[in-house]
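As structure tokens, the structure follows; a few thoughts come after it.
The values are calculated or read from the model by the stated rules, or taken from the named source; none is laboratory data. As the structure is a computational prediction, the values presented were derived from the model and not from experiment. In this analysis, Cβ positions are derived from the backbone assuming ideal geometry, glycine residues included, and neighbour counts consider all displayed protein chains. All accessible areas refer to the heavy atoms of the entire protein, side chains included, with ligands and DNA or RNA removed. Shrake-Rupley method; radii C 1.70, N 1.55, O 1.52, S 1.80 Å.
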Amino acid sequence: MKRILALCIFVLSSLMAFAELYTPHRYVELGIDTQAGSSNNYFRIDDVFKKNLVIDLRKISEDLSSSGFELDFYTKDRLFLNVNISPKFRLSLFTETEGAGYMNVPHRLFEILGKGYQAGEDATFDIEGYADLFYTIGASFRTTLFEKYGVTFTPAYYVPLVYMEKTTGKVSVASHDDGSLTARADAQISLYSAVSLQKYKENTFKGGDIASDVASSLSKGGFDLSLAVERPIVPKLDIGAFIRIPMVPARLDHKMTMDVYGYYTVNRLMGILDKSMEMDKDYGVGDVVYTTGESQKVWRPFRFGAEAAWRPFGSWFVLRPMIALVVRNPYTSGARTVYPEFSLSAEAALKEIIGINFSTSYLNRVFVQQLGLMLNFRVIELNIKAMLRGGSFVNSFNWTGAGAYVGVRIGF
């Protein structure tokens, strides 16, 4: 029992510590990173560009996984200034925008639309979705404590530019004695903002409104604090832990509400066998309602995890595993979403002049396969990465989604 307890204490103390996982290349550098990607878990990229896309609901119902149809997007742009005087003094000033969105349609809906079921039956399903876009400004400071522990503090001030909390829409399906099938989807979407969006949507804003609204938005932001601790375990292995804790929520006083609907009718459902099935559809957005005074609290996601850097053959080759837990809307109940994240990357570089890297990961509820190239011309460094994305590990290799990353650093 004492040995088990001692082992647990060692593991916990190791996870609370890890020398530099990421060694800087320059004393001072100014950089910009931009990244964007989108994916689903069924349709390939080349399907989207077909002139006549044929949607076979029966085939979709057979091929789609039990998780249903998933659609996502992610974007991040970051501008930063790094000052790396020594391991005891590393300072970074940064500003960034980061957005993500997700939607899920249950598998049972495609099964009914593709294969049908008994006349007179009906069913109701939920469609889940959320989206947000944050602007953040912050600073990161790293120092060394007790000669072994690298500690990084990152306070950040954030403002939600667009925020749609976790929303659940309803889909109802009904079959009829004449062989027809009717499906209807309804969802009330609420977009929260720090300023009213009505004048911008209706194009009635004045010249001075933009500056005034920017100042108003910045005054209603929130605050969070990130902490990372790192320590070398053996000469070739560094491990560490990180956490981001939302401290003060942003407050959004304006809401834009709209009803989104879709209507789908199949006449002659049995015609799917002889290709004589008749379909009709309609979709759109209802009236938009603007309200003011209803304060909505918004937190950036809580994130906690551990990572490591293993250099088995020397500094030119690095393996980086990472695992984390993410909680979106951490201090709410109905809108809270919890999911894991993990990744494994391999990096190889020749004298920090040219390098390649590959990673496989699960981030923001999406599997990502990434291949990158680094070119370092001393004063200028260029990083380019191409990504394949998908709602499942297998689909992330099937061109159901893609993304790209470009990073530029200038300094000495």
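Assess whether residue 383 counts as being open to solvent by less than 50 Å² (accessible area, probe 1.4 Å) and not basic (Lys, Arg). Before you say what the answer is, go through the steps one by one.
On the way: open to solvent by less than 50 Å² (accessible area, probe 1.4 Å): yes; not basic (Lys, Arg): yes.
Yes: the conditions hold for residue 383.
In the set 117, 158, which member is at pLDDT 95 or above and hydroxyl-bearing (Ser, Thr, Tyr)? Don't jump to the end; show me each part of the working.
On the way: 117 fails: at pLDDT 95 or above.
Just one listed residue meets the conditions, 158.
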- Could you please give the count of residues in the stretch 352-383 that are of a type in the set (S, T, N, Q), assigned to a strand (DSSP E or B) and closer than 18 Å to residue 70 by Cβ? 2
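Have a look at 350, 363, 344 and point out the one that is under 18 Å from residue 309 (Cα atoms), under 18 Å from the mean Cα position of the chain (by Cα) and open to solvent by 40 Å² or more (accessible area, probe 1.4 Å). Before the answer, list the steps.
Working: 350 fails: under 18 Å from the mean Cα position of the chain (by Cα); 363 fails: under 18 Å from residue 309 (Cα atoms).
Answer to the selection: 344.
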- Query: Here is a list of conditions, (1) under 29 Å from residue 134 (Cβ atoms); (2) out of contact with any Lys or Arg (no Cβ under 6 Å at 6 or more places or on another chain), and residue 349 meets all of them except one; can you say which number that is?
  - Reply: (1)
- What is the number of the single condition among (1) open to solvent by 70 Å² or more (accessible area, probe 1.4 Å); (2) at pLDDT 65 or above; (3) in a helix (DSSP H, G or I) that residue 47 does not meet? (1)
- Any chance residue 248 is surrounded by 14 or more Cβ atoms within 10 Å (Cβ to Cβ), in contact with a helix residue (DSSP H, G or I) (Cβ under 6 Å, 6 or more places away or on another chain) and modelled with pLDDT of 85 or more: no
- Can you name the residue in the stretch 390-412 that is touching a helix residue (DSSP H, G or I) at 6+ places or on another chain (Cβ under 8 Å) and not in a strand (DSSP E or B) and, of all such residues, is most open to solvent (accessible area, probe 1.4 Å)? 399
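Those residues that are of a type outside the set (D, E, K, R), surrounded by 18 or more Cβ atoms within 10 Å (Cβ to Cβ) and either within 20 Å of residue 79 (Cβ to Cβ) or in contact with a Phe, Trp or Tyr (Cβ under 7 Å, 6 or more places away or on another chain) (or both), I need them from the stretch 25-39; list them, please.
Narrowing the stretch 25-39 to residues of a type outside the set (D, E, K, R): 25, 27-28, 30-32, 34-39.
Retained after the next criterion (residues that are surrounded by 18 or more Cβ atoms within 10 Å (Cβ to Cβ)): 31, 37, 39.
Passing the criteria: 31, 37.
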- Check residue 302 against each of (1) among the aromatic types (Phe, Trp, Tyr); (2) modelled with pLDDT of 95 or more; (3) in contact with an Asp or Glu (Cβ under 7 Å, 6 or more places away or on another chain) and name the one condition it does not meet. (3)
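Suppose we filter 318, 338, 326 for residues that are at pLDDT 90 or above, part of a strand (DSSP E or B), open to solvent by less than 60 Å² (accessible area, probe 1.4 Å) and under 25 Å from residue 169 (Cβ atoms); which single one remains? First the steps, then the outcome.
Details: 318 fails: under 25 Å from residue 169 (Cβ atoms); 338 fails: open to solvent by less than 60 Å² (accessible area, probe 1.4 Å).
Being at pLDDT 90 or above, part of a strand (DSSP E or B), open to solvent by less than 60 Å² (accessible area, probe 1.4 Å) and under 25 Å from residue 169 (Cβ atoms) holds for just one of 318, 338, 326, which is 326.
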- Message: So for the stretch 252-269 (the condition being surrounded by 16 or more Cβ atoms within 10 Å (Cβ to Cβ), farther than 26 Å from residue 130 by Cβ and modelled with pLDDT of 85 or more), does at least one residue qualify?
- Response: no
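Filter the stretch 150-185 down to the residues that are more than 25 Å from the chain's Cα centre (by Cα) and either surrounded by fewer than 19 Cβ atoms within 10 Å (Cβ to Cβ) or assigned to a loop (DSSP other than H, G, I, E, B) (or both) and list them by number. If you could, list the steps in order and put the result at the bottom.
Let us first name the residues in the stretch 150-185 that are more than 25 Å from the chain's Cα centre (by Cα), namely 150-151, 171-185.
Residues satisfying the conditions are 151, 172, 174, 176, 177, 178, 179, 180, 182, 184.
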- Task: Return yes or no: is residue 192 buried (at least 17 other Cβ atoms within 10 Å of the Cβ) and not small (Gly, Ala, Ser)?
- Result: yes
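Of everything in the stretch 193-216, what is in a helix (DSSP H, G or I) and not polar (S, T, N, Q)? Give them in sequence order. Quick ask: steps written out before the conclusion?
Our first condition is that a residue be in a helix (DSSP H, G or I); within the stretch 193-216, this holds for 198-201, 209-216.
Correct list: 199, 200, 201, 209, 210, 211, 213, 214, 215.
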